[in-house]
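Worksheet for the structure shown next.
The values are calculated or read from the model by the stated rules, or taken from the named source; none is laboratory data. If you're wondering where the values come from, they're calculated on a predicted model, not measured in any experiment. Don't worry about glycine lacking a Cβ; one is built from the backbone with ideal geometry, like all the others, and counts go over all protein chains shown.
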Amino acid sequence: MLRKTALNAIHIELGGELTDFGGWEMPLWYSTGSVREHLAVIEKSGLFDIGHMDLLRLKGKDTFNLIQLCLTRNISNLKIGACAYSVILNEQGHVVDDTIVYNLGKDEYILIVNAAMGPVVRQHLIQRNTFQNVTVMDESGRFSKIDLQGPASTVIMKKLLERGRGTIEGLRYFQFRGDYADPASETALAGNIPILLSRTGYTGEVGFEIVMPYDKVQDVWNMIIDAGGSDVTPCGLAARDSLRTGAVLPLSHQDIGSWPFINTPWDFALPRGEDGKFTKDFIGSKTYDAPSSLYTYPFCGFDPRKVEVCKASLLLDGASIGTVSTCAIDMAIGRVDGRVYSVASPDRPASFKARGLVCGFVRADRPLKPGQKVTLKDSRRSIEAEIVSDIRPNRTARVKI
Amino acid sequence: MKSLEELDIRGDLVYTQTHEWTRRTGDTAQVGVDDYAQSALGDIVYVELPSVGATVNAGAAFGSLESTKAVSDLYSSVTGKVVAVNETLSDSPELVNTSPYEDGWVIEVEMANPKELDALMKSDDYLSFVKTLAPIE
């Protein structure tokens with residue numbers, strides 16, 4: 001029996017193509033279709049139900065210490081009202097899950113983790129806790145989360161904030177305001193709905209993640225749809241997957257997982273100082289002393305044709321050197337004379353048409369360089385691709401608002 | 001995907017179990033993807049087509065459809081020589097979704113054995129067949 005989010009009836013009403021995602025019944029796309037949903041987030045805005053994700057709330061004087069021990073990211077400079085991407089490793093250096101950690105102040109932090117991972121991560125933290133004063137609460141059933149992503153999102157959110165409208169001005173990437181659990185939250189929507197409003201998301205585009213009490217999520221969804229009008233498009237998981245791939249963001253348990261977290265495009269989650277050494281000890285840190293021959297890279301192809309992940313091999317000069325962990329199509333991009341442009345590229349040539357390009361991540365047994373040509377091969381076909389340092393150009397995630 | 005009531009299954013065409021439709025004009029068969037398949041696959045973003053002059057065999061794959069979700073083989077309903085391919089699909093693969101029976105046709109085949117068409121399903125039989133199916137992956 002699949003679990004349903006508070007928005008399940010809305011998914012059905014919108015013609016959602018429903019699928020099993022981590023034990024949840026979630027929409028792959030709505031009747032709009034995943035291509036137009038993907039483009040909507042880059043050109044206007046898209047609204048995603050992220051109610052399947054879990055949330056842990058940590059309290060107590062030792063919360064900071066427990067997080068420093070169990071997350072790879074060094075949060076000693078994480079200010080109140082700021083959040084950061086991190087991974088959580090076990091003693092073998094393998095990824096338990098990835099998370100965004102929020103500093104609420106007063107020795108309180110939130111960890112947003114993936115679908116069904118709340119109990120797993122909570123147990124992981126509790127088992128490793130050597131400190132006295134910290135509690136780890138799984139608040140997954142008490143809240144829900146939706147994401148409004150895309151350049152129109154700022155105007156829409158300003159319209160809807162009953163309290164804290166000014167907090168959006170100048171809010172930077174990976175900053176947040178308010179608290180969904182506080183009736184006096186600095187940020188609240190019409191009807192005094194307290195929200196945690198975070199300038200994050202998993203699309204690579206400017207936007208917000210909105211955490212609110214579980215029983216308010218339908219109201220908030222409808223509010224955003226009404227306020228956004230034709231500037232907002234409900235989006236399913238297929239668009240979320242293709243957008244995050246183009247933005248070079250990993251999917252937990254697919255691009256990172258039960259293997260060493262090293263030599264990835266996400267090494268910024270490791271606490272390395274300027275000298276390359278770790279600035280703290282953490283669970284899993286000792287495993288980095290051993291040499292590793294595992295390297296993860298983004299790739300981009302030359303047309304939309306995909307290969308099957310897990311079953312495909314990564315070939316270099318005809319020899320198998322690894323696997324393909326994500327293979328998606330970013331429908332907003334295309335190549336002109338070999339160079340990749342997006343529908344959002346101001347310098348795109350007149351001949352540019354976004355036909356979509358296959359892209360994703362490969363894991364190789366040796367280092368590769370951007371620009372290097374590789375072949376991805378499954379039982380159906382071989383496709384040519386290029387190792388790249390970035391995929392979709394001209395993303396808006398970091399623009400000033 | 002569409003419910004059975006919403007499906008557009010045309011009475012003037014014949015169908016395969018792999019969801020291709022065939023329209024006969026003399027000894028030529030026009031082949032495309034039916035409403036059931038396009039609706040189940042979601043947005044089609046690329047169509048891999050054979051060359052004109054290629055030989056296709058009934059029941060054998062001749063190309064593929066790339067949707068945002070997956071890749072699916074296209075199977076020929078008849079044996080013969082490809083005399084035309086729908087070149088507009090290279091630029092506008094979405095025609096398979098928006099007009100599966102007209103602008104989204106895929107290939108035309110000069111049939112080696114038109115009697116092969118007798119083995120394909122008429123619309124009533126095809127509808128009964130899809131009722132027995134779980135949604136295709």
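For the range B:73-85, what are the residues that are closer than 24 Å to B:Ser123 by Cβ and either crowded, with 21+ Cβ neighbours inside 10 Å or more than 12 Å from the chain's Cα centre (by Cα) (or both)? Correct list: B:Leu74, B:Ser76, B:Ser77, B:Val78, B:Thr79, B:Gly80.
Here's the yes/no breakdown for (1) more than 21 Å from the chain's Cα centre (by Cα); (2) free of Cβ contacts under 8 Å to residues at least 12 places away in the same chain; (3) within 14 Å of another protein chain (Cβ to nearest Cβ):
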position	(1), (2), (3)
A:Asp289	yes, yes, no
A:Ser292	yes, no, no
A:Thr296	no, no, no
A:Cys300	no, no, no
A:Arg305	yes, no, yes
A:Ala319	yes, yes, no
A:Arg348	yes, no, no
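Of the candidates A:Gly257, A:Gly276, the single residue that is outside the structural domain of A:Leu368 (by TED's automatic domain parsing) and at pLDDT below 95 is A:Gly276.
Scanning the range A:126-180 for residues that are aliphatic (A, V, I, L, M) and within 22 Å of the chain's Cα centre (by Cα) yields A:Ile146, A:Leu148, A:Ala152, A:Ile156, A:Met157, A:Ile168, A:Leu171. Mind checking whether some residue in the range A:373-380 is within 13 Å of another protein chain (Cβ to nearest Cβ) and surrounded by 20 or more Cβ atoms within 10 Å (Cβ to Cβ)? For the range A:373-380, residues within 13 Å of another protein chain (Cβ to nearest Cβ) and surrounded by 20 or more Cβ atoms within 10 Å (Cβ to Cβ): present.
Scanning the range A:17-67 for residues being of a type in the set (Gly, Ala, Ser), away from chain B (no Cβ under 14 Å) and over 16 Å from the mean Cα position of the chain (by Cα) gives a total of 3. Scoring A:Ile42 on the criteria (1) in the same structural domain as A:Val232 (by TED's automatic domain parsing); (2) in a strand (DSSP E or B) leaves a single failure, condition (2). Could you check, for the range A:351-361, whether at least one of its residues is away from chain B (no Cβ under 14 Å) and within 17 Å of A:Ser320 (Cα to Cα)? Within the range A:351-361, one or more residues are away from chain B (no Cβ under 14 Å) and within 17 Å of A:Ser320 (Cα to Cα). Go through the residues of the range A:204-214 one by one and say whether even a single one is more than 25 Å from A:Ile42 (Cα to Cα), assigned to a helix (DSSP H, G or I) and either more than 22 Å from the chain's Cα centre (by Cα) or more than 14 Å from chain B (Cβ to nearest Cβ) (or both). Yes - at least one qualifying residue is present in the range A:204-214. For the range B:34-137, the strands (runs of 3 or more DSSP E) that sit wholly inside it and include 1 or more residues that are within 14 Å of another protein chain (Cβ to nearest Cβ) are B:44-48, B:61-67, B:71-75.
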